Amino acid sequence: MVDITQKQSTHRTAVAQAVVKVGDMATIEAIKNGTVPKGDVLSMSKAAGFLGVKKTSDLLPDCHPLPVEYCGIDYEMEGLEIKIIISVKTFYKTGVEVEAMHGASVVALTMYDMLKPIDKNVEIHHIKLLKKTGGKSDIDKL
């Protein structure tokens, strides 16, 4: 791991996304109506995403354990696509970009797992960082 002992803590934020594309509008309706056999897809995926953010350093060897002081997960549905938008904030010596992207990935994978019994054409796309603040550089792709 990179030595961050000499770095100063600053306010750090990151916004990431993942897109889940389903094969049929019936899948979107099942999500909205709460009729997916495995349960409430949006709530379960959100809970999994929170765990994914918190456990990033347990799974990715170069990531420092850090205090996650905020995590928000939102969804935007358009046509056959569900866009997952995840925001992570901390006050620490290193950024939360990987935590945000990892959380978005876990949300998408949870959706995939819950939807696969009713839709064999679920795909995960566009896991990426949209914005980061704090530290040496700010990135804004929004």
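The values are calculated or read from the model by the stated rules, or taken from the named source; none is laboratory data. Computed from a predicted model, the values in this text were never measured in an experiment. Reconstructed Cβ throughout: ideal geometry from the backbone, glycine too, with neighbour counts over all protein chains shown. Protein only, heavy atoms only, side chains kept; ligands, DNA and RNA dropped before computing areas. Shrake-Rupley method; radii C 1.70, N 1.55, O 1.52, S 1.80 Å.
Our Cα-only numbers for the chain put the radius of gyration and Dmax at 16.2, 54 Å.
Restricting attention to region 49-124, lysine pairs at least eight places apart or on different chains and with alpha-carbon atoms under 25 angstrom apart total 9. Of the trypsin sites (Lys or Arg not before Pro) found in region 1-91, those in coil by DSSP whose Cβ has at most 13 other Cβ atoms within 10 Å are Lys7, Lys38. Largest GNM mean-square fluctuation among Gly23, Gly79, Gly52, using the chain with Cα springs under 10 Å: Gly79. Take Ser9: with every protein chain present and a 1.4 Å probe, its accessible area is about 50 Å².
Rank these residues by their accessible area, most exposed first, probe 1.4 Å: Thr27, Thr5.
Details: Thr27 5, Thr5 90 Å².
Highest to lowest solvent-accessible surface, that is Thr5, Thr27.
Counted by Cβ distance under 12 Å from His102, the other residues give a net charge of -1, where Lys and Arg count +1 and Asp and Glu count -1.
Normalised by the number of residues in the chain, the mean separation of alpha-carbon contacts (under 8 Å, six or more apart) gives a relative contact order of 41 percent. Of the GluC sites (Glu not before Pro) found in region 33-78, no site is in coil according to DSSP while having at most 10 other Cβ atoms within 10 Å of its Cβ.
Measure off, as a whole percent, the carbon and sulfur share of the 1.4 Å-probe accessible area of the chain, all protein chains present. Before the final figure, lay out each step's value.
Working: 4200 of 7900 Å².
It is 53 percent, rounded to a whole number.
Relative to the longest principal axis of the Cα atoms of the chain, the long axis of helix 41-54 makes an angle of roughly 20 degrees.
Each of Ala47 and Asn33 was given a label point 7 Å from its Cα along the Cα-to-Cβ line. The distance between the two points is 2.4 nm.
I want the local charge near Lys7. Using Cβ-Cβ distances under 12 Å, sum +1 for each Lys or Arg and -1 for each Asp or Glu among the other residues. Intermediate values should be presented prior to the final figure.
Values: positive: Arg12, Lys93, Lys136; negative: Asp3.
Charge balance near Lys7 sits at +2.
Globularity index of region 4-55 is 1.74 (Cα radius of gyration / 2.2 N^0.38 Å, N = number of residues).
With the helix formula -39500 (n - 2.57) applied to DSSP H stretches of n ≥ 4, the chain reaches a computed 222 nm mean residue ellipticity of -10000 deg cm²/dmol. When the chain is modelled as a GNM with alpha-carbon springs shorter than 10 Å, which of Val19, Val53, Val36 fluctuates the most? Top of the fluctuation ranking is Val36.
Between the helical axis of 97-115 and the longest alpha-carbon principal axis of the chain there is an angle of about 20 degrees.
Computed with a 1.4 Å probe over protein heavy atoms only, the accessible surface of region 6-96 comes to 53 Å² per residue.
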